[in-house]
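Worksheet: one structure, shown below.
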Amino acid sequence: MSVDIRFRFTRHPLSITAHAIGSSTLHLSQSDLLLLILSIYALVLMNKMSSSVEKRFQDDADKYATYLETPEGRLRLDLAFANVQELLPQATRSLHALDLGGGTGALAVRLARLGFHVTLLDMSLPMLEYAKRAAHEAEVAERVVLKHGEAAELSGLFDAGSLGLILCHNLLEFVDDPSAVLRSAARALRDSGLISILVRNRPGEVLKAALLSGDLAAAQNSLIADWGEESLYGGRVRLFTAENLLAMLEEASLEVIVERGVRIVSDYLPPTISRADEYERIFDLERKLGSRPEFSAVARYTHILARRAVR
C-alpha cells in the first residue's frame, strides 16, 4: 500500500501538519521534522551505500578471486582458518556451518572437507558461481548449499540454535548495521557453537598509510577515522577498533574466547623477501605474532572467536 503524504507549513505555532491519505492528521514540531528529514536522508544514504557495495562485489568477482591467489590474499585466508581450526570440535559431520558473505567459497570448501554441512550466503551471483565451481572441483558439492541473499536476512533464514559454526570474515565492514548482523548470528548459534569474526583494524590502516603509501596525512586521519579506502575495489570500508568491536559483541551476547591479529608484518616486508618463496616462513612468523597482544593490536585485521554468553 502506498501512502501519499503532503506537508502544509503553518505560522502559529511553528509546526508542520502532515496529511496522510487514509489516516488522521499528524502534527509535527520543528524538532520532529528535523528528525524525520535526517531519518529519510540516512535511509537514502544507506541505500546508496548498499547499492555501491553490491556493485563492487557483482562486478569485481574476478578481481577478488585473483586477489585470493596472491600471498596477501592467501595469508588472510590461511591465518584466519588456522585460528578457527584450533577451536573446532572433534566431531563435525553432524554440524551445520554458515559462511556469511563467503564469496568464492574458499573457506566453505575447507569446512566441507572437514565434514561440515555448509551454507554459503552471499549477495553476489558471480561470487556464488565461483563457489559452485570450487565445491564441484573439490568434490564436496553435496555438502555445500549456496544461498543468494544478504546478511541482513540472516534472522529469517535459520532457526534459533541451529548452527554449530558461523564464519563472518570481512563482512561487517560492508553491511549497514554490523550490530544487527551479530545479534542475528548469535541467535542462530547453538549453545556450544562458535562464531569467527574477521574485520579491518583501524590501527592497521594507520600503519598501512604511513609505511606502505608514505601518506602521513592519511595516517594522521586514520587515527580517528570510522571509514577507510578499499584498495582492491575502491570505495569506503568500515574500520573497527578493539573497543567498538567488543562492545558490539557484548550487545549481541557473544563472549570472546580468542582474539588474534592477522597480517601484522607481512605487508611491510622489503622487496628482497619473496612473499611466494618464503610463504611458509612468513605464515609461521605471522601465527606467532598474531597470538601476542602487543603485536596483534596493530594487525591489518582483527580476528575474534566467540561463543554465546552464558546468562
Length gained, Phe295-Lys132, 0.36 nm per residue minus C-alpha separation, equals 55.0 nm
Excluding residues fewer than 8 positions from Lys132 in its own chain, the aspartates and glutamates with Cα under 16 Å of it are Asp62, Asp99, Asp122, Glu142
For the pair Arg93 and Ile273, the simple spin-label estimate (label points 7 Å beyond Cα toward Cβ) gives in nm 4.2
Given backbone amide H placed at 1.01 Å from N, residues whose amide H is under 5 Å from that of Leu120, ignoring those fewer than 5 places away on the same chain, are Asp99, Val145, Leu146, Lys147
For Gly193, the residues 5 or more places away or on another chain with a placed amide H closer than 5 Å to its own amide H are Arg308
Sorted on mean Cβ neighbours within 10 Å (highest first), peptides 74-80, 236-242, 148-154 come out as 74-80, 236-242, 148-154
Here the stretch 145-161 yields Karplus 3J(HN,Hα) values (6.51, -1.76, 1.60; θ = phi - 60°; whole Hz; Gly and Pro given as x) of 10, 9, 10, 8, x, 10, 4, 5, 8, 3, 4, x, 9, 10, 6, 4, x
Stretched fully, the stretch from Lys147 through Glu255 gains (0.36 nm per residue minus C-alpha distance, one decimal, in nm) 36.1 nm
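Since every read-out is calculated from the coordinates, none of them should be taken as a lab result. Not measured: the values here are computed from a predicted model. No Cβ is skipped: glycine too gets one built from the backbone with ideal geometry, and neighbour counts run over all protein chains shown.
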